[in-house]
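**Student:** Quick one: structure below, then a few questions.
The values are calculated or read from the model by the stated rules, or taken from the named source; none is laboratory data. Please read all numbers here as calculations on a predicted model, not as lab measurements. Here the Cβ positions follow ideal geometry from the backbone for every residue, glycine too, while neighbour counts run over all protein chains shown.
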Amino acid sequence: MALVSTATLARRAFVSAAAGGHAGHAGGARTWKILSFVVALPGVTVCVVNAWMKKQHASHGSPEFVPYPHLRIRTKRFPWGDGNHSLFHNPHTNALPTGYEGSHH
């Protein structure tokens, strides 16, 4: 009795599955199509509704500024503008080391 290696058994299983032709692909495509409609589309819908509801309840002001010492550390100036604003600075959401621009808390 000869011992057959695992690789040989896997190769035989692969060859026998491949010999079945394209009939095996139709079942897989149908499964993914059903999963797309039953899982993916409702998931995207839930995410859109969640984002819309959060936007409706969001406050339009900047969050309260807390001067944590480990945030907004400037060891050297930025090479653009006044050297204190990041490249994609938004005055409503990005605070400077001294606080938000235009707010006097």
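**Student:** Of these, Ser103, Ser36, Ser86, Ser62, which one is under 27 Å from the mean Cα position of the chain (by Cα), surrounded by 10 or more Cβ atoms within 10 Å (Cβ to Cβ) and modelled with pLDDT under 85? First the steps, then the outcome.
**Tutor:** Details: Ser103 fails: under 27 Å from the mean Cα position of the chain (by Cα); Ser36 fails: modelled with pLDDT under 85; Ser86 fails: modelled with pLDDT under 85.
Every option except Ser62 fails the conditions.
Yes/no matrix, rows are residues, columns are (1) part of a loop (DSSP other than H, G, I, E, B); (2) polar (S, T, N, Q):
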residue: Ala40; (1), (2): no, no
residue: Thr45; (1), (2): no, yes
residue: Gln56; (1), (2): no, yes
residue: Gly61; (1), (2): yes, no
residue: Pro69; (1), (2): yes, no
residue: Asp82; (1), (2): yes, no
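**Student:** Another question, then. Return the pair list, or none, for Cβ contacts closer than 8 Å from residues in segment 78-98 that are without any contact (Cβ under 8 Å) to a residue 60 or more places away in the chain to residues that are in a strand (DSSP E or B) and surrounded by 12 or more Cβ atoms within 10 Å (Cβ to Cβ), at least 6 apart or on different chains.
**Tutor:** Listed by first residue and then by second, the contacts come to Asn84/Leu96; His85/Leu96.
**Student:** In this structure, does His92 turn out to be of a type outside the set (Gly, Ala, Ser), surrounded by 10 or more Cβ atoms within 10 Å (Cβ to Cβ) and at pLDDT below 85? Even if it seems obvious, please write down each step before you answer.
**Tutor:** Numbers: of a type outside the set (Gly, Ala, Ser): yes; surrounded by 10 or more Cβ atoms within 10 Å (Cβ to Cβ): yes; at pLDDT below 85: yes.
Yes, satisfied.
**Student:** Something else about it: Tell me whether segment 7-28 contains one or more residues that are over 30 Å from Glu101 (Cβ atoms) and modelled with pLDDT of 90 or more. Walk me through it before giving the result.
**Tutor:** First pass over segment 7-28, keeping only residues over 30 Å from Glu101 (Cβ atoms): 7-28.
Among the residues that remain, those that are also modelled with pLDDT of 90 or more are: none.
No, segment 7-28 contains no residue that is over 30 Å from Glu101 (Cβ atoms) and modelled with pLDDT of 90 or more.
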